[in-house]
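S.K.: The following block contains the structure, expressed as structure tokens.
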Amino acid sequence: MLEIEVAYALPHRQFLRRLKVPSDSTVREAIVQSGVLSKFPEIHLESVKVGIFSRPVGLGDPLNSGDRVEIYRPLILSPTDARRLRAERQKR
């Protein structure tokens, strides 16, 4: 068994669950087993980006003990657009 965490965060709410999964588990299996999909129905597993400790991974990637699976929200603004808006605000 592997001990892992599954994390998902919104601006004012977060989900962090530690769980034990079989040693041959994938990222997808850990997410499903964690229960995050029932608490946050807006997560579309097939289109969401995921990572382990900020490193992008696929849903079929295997897990290691101690991994933290992170489910990422879609960006509202691209980093380039956000920098441009900050620069425009500073000019004013």
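S.K.: With charges only on Cβ, +1 for K and R and -1 for D and E, what is the dipole size of the chain about its Cα centre, in debye, rounded to 20?
M.R.: For the chain, the charge dipole is close to 760 debye.
S.K.: Could I ask something else about it? Could you give the nm distance between label points at Arg28 and Phe15, where each point is 7 Å from its Cα heading toward the beta carbon?
M.R.: Calculated label separation equals 1.8 nm.
S.K.: Sticking with this structure for a sec: Quick one: what are the phi-derived ³J(HN,Hα) couplings along the stretch 67-82, Karplus 6.51/-1.76/1.60 with θ = phi - 60°, whole Hz, x for glycine and proline?
M.R.: 5, 10, 7, 10, 9, 9, 7, x, 6, 7, 10, 6, x, 5, 5, 5
S.K.: Can you sort Ile76, Ile43 by how many other beta carbons sit within 10 Å, fewest first?
M.R.: The fewest-first ordering by Cβ neighbours comes to Ile76, Ile43.
S.K.: List Val32, Val21, Val6 from most exposed to least, where exposure is judged by having the fewest other Cβ atoms within 10 Å.
M.R.: Least crowded to most crowded, the residues run Val32, Val21, Val6.
S.K.: Another one. Using 1/(1 + (r/R0)^6) with R0 = 30 angstrom and r between the beta carbons of Glu3 and Glu42, what's the FRET efficiency to the nearest 0.05?
M.R.: 0.60
S.K.: Taking H as built 1.01 Å from N, whose amide H comes closer than 5 Å to the amide H of Thr26, not counting residues under 5 places away?
M.R.: Residues meeting the amide H criterion: none.
S.K.: Okay, moving on. Pulled fully out, how much extra length does the chain show between Arg68 and Phe53, if you take 0.36 nm times their separation in residues and subtract their Cα-Cα distance?
M.R.: Value of the extension gain: 4.8 nm.
S.K.: Oh, and also: Using the charge dipole of the stretch 2-91 (Lys, Arg: +1 at Cβ; Asp, Glu: -1 at Cβ; taken about the Cα centre), state which of Leu77, His44, Asn64 has its Cα farthest towards the positive end.
M.R.: Highest projection toward the positive end goes to Leu77.
S.K.: Match the structure shown to one of the listed values (1) 1.30; (2) 1.41; (3) 1.17 of Cα Rg over 2.2 N^0.38 Å, computed from it, and give that label.
M.R.: Correct label is (1).
S.K.: Taking amide H positions as placed 1.01 Å from N in the peptide plane, with prolines and chain starts having none, which residues 5 or more places from Ile52, or on another chain, fall under 5 Å of its amide H?
M.R.: Val57, Glu70
S.K.: What ³J(HN,Hα) values, in whole Hz, does the Karplus curve 6.51 cos²θ - 1.76 cosθ + 1.60 give for the stretch 17-34 when θ = phi - 60°, with x put for Gly and Pro?
M.R.: Listing the rounded values in order: 10, 8, 8, 10, 10, x, 5, 9, 6, 9, 4, 4, 4, 5, 4, 4, 5, 5 Hz.
We did not get these values from a lab; they are worked out from the coordinates using the rules stated. Since the model is a prediction, treat every value here as computed from it, not as a measurement. Don't worry about glycine lacking a Cβ; one is built from the backbone with ideal geometry, like all the others, and counts go over all protein chains shown.
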